[in-house]
Amino acid sequence: MKQNSILIYLLIIIFIALSCKSNDYIVYYNKVNEIDSLYRIANQPEKAIKQYRKLFKKYTPKNQERIKEYETYIKLADQHQQNFGGRKSLYKLIPLIAPYEGSYGSYFGLFKKYGIDSTEVKQRIADWKKGLNKRLVDSFSIAFVRDQAEGRRNPQLMEKNDRINAQLLKWTFENYGYPSVQKIGLIGNDGVFMPMHPLFSHMVDEKEYPYFKAKMLEYIKSGDCIPKDYANMVDRHNLQISKEGIIYGVYLSYDAIVDTIKANQERKKIGIPSIKHSSKITKDYFKK
């Protein structure tokens, strides 16, 4: 009886372990980079499909700008007549493309092929918008306008506004976590564009910088913070404030010196593609 109880307990533990999604998204991002290079550089789409399928069973998928790993997986699988999960997977894709307003039109053909009409897609996007944190959307809509006040040409006003935004960001971290696109979207009130990287780039001289640096690394691991947003902030701080020199090769200026080998090593630590791979991704993106 005791042996049976122990066996059941062990089986429950194993089941929970297998059913839980992984949490360290740095591992995920690095795997995505490996798979992306399979089809983008090595031209092995079927191998990429297989590895993406395995990855998305382990991790809740992201759909990073330009790499678009989940979208790529679905489209490649569809092109090669391989199973990607059909409607169920397409429903997962909708909230990932929802922040990019107007872009969903290019997916209608694929959705229609699997029995999802444009009305349903639009309704699901509308429902996604309703689920955003209204308080944060309002706060960050104001913050992004404030960030660009007078084109950042008035030093005193710029310093004052950056101080206010630093306090908002810290308050958000402490009360709501990272303000990702799944919390606040990408387009705020009155059409305000809200990409986080310029806002954090302007935090490099604030007293909260060490706090942001530590917390953002945690949020990269949890899948909330985009690695490049973190790298851009750290590079700018190292170049302009601490004078240590950039380490990721993300924030570039005319006087920046990049050690490519070291930069690629540091990039891998936070899940960013190598400099050469990133260049290929950018080149392919602007070909479209």
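Coordinate-derived values only; no laboratory data. Given the structure is predicted, the values throughout are model-derived calculations rather than measurements. Cβ placement follows ideal geometry from the backbone for every residue including glycine, while neighbour counts extend to all protein chains displayed.
Here are some notes:
- Phi-based couplings in Hz for region 60-65 (Karplus 6.51, -1.76, 1.60; Gly and Pro marked x): 5, x, 9, 8, 4, 4
- Length-normalised contact order of the chain in % [C-alpha pairs under 8 Å, at least 6 apart]: 17 percent
- Computed over the chain, the per-residue total of -39500 (n - 2.57) for DSSP H runs of n ≥ 4 gives a 222 nm mean residue ellipticity of -20000 deg cm²/dmol, rounded to 500.
- Pairs of Cα atoms farther than 22 Å apart, the chain, %: 65 percent
- For the chain, size of Cβ-based charge dipole, Lys and Arg +1, Asp and Glu -1, in debye: 1060 debye
- Distance between the pseudo-spin-label points of Y114 and I261 (7 Å out from Cα toward the beta carbon): 4.5 nm.
- In terms of distances greater than 28 angstrom between alpha carbons, the cross-link table entries K215/K288; K130/K287; K68/K262 yield K215/K288; K130/K287.
- Added length on full extension, which subtracts the Cα-Cα distance from 0.36 nm per residue, S279 to E218: 19.3 nm
- Helix 45-58 vs. the chain, principal-axis angle (Cα, 0 to 90°, nearest 10): 80 degrees
- Relative protection proxy for 191-202, 215-226, from highest mean packing down: 215-226, 191-202 (other beta-carbon atoms within 10 angstrom).
- A simple spin-label model places pseudo-atoms 7 Å from Cα toward Cβ; at K160 and I142 they are separated by 1.5 nm.
- Protection-proxy order for peptides 255-263, 240-248, each taking the mean of Cβ atoms within 10 Å per residue, highest first: 240-248, 255-263
- With Cα atoms, 0 to 90° folded angle of helix 227-236 axis to the chain main axis: 20 degrees
- Net lengthening on full extension, H197/K129 (0.36 nm per residue, minus Cα-Cα): 22.3 nm
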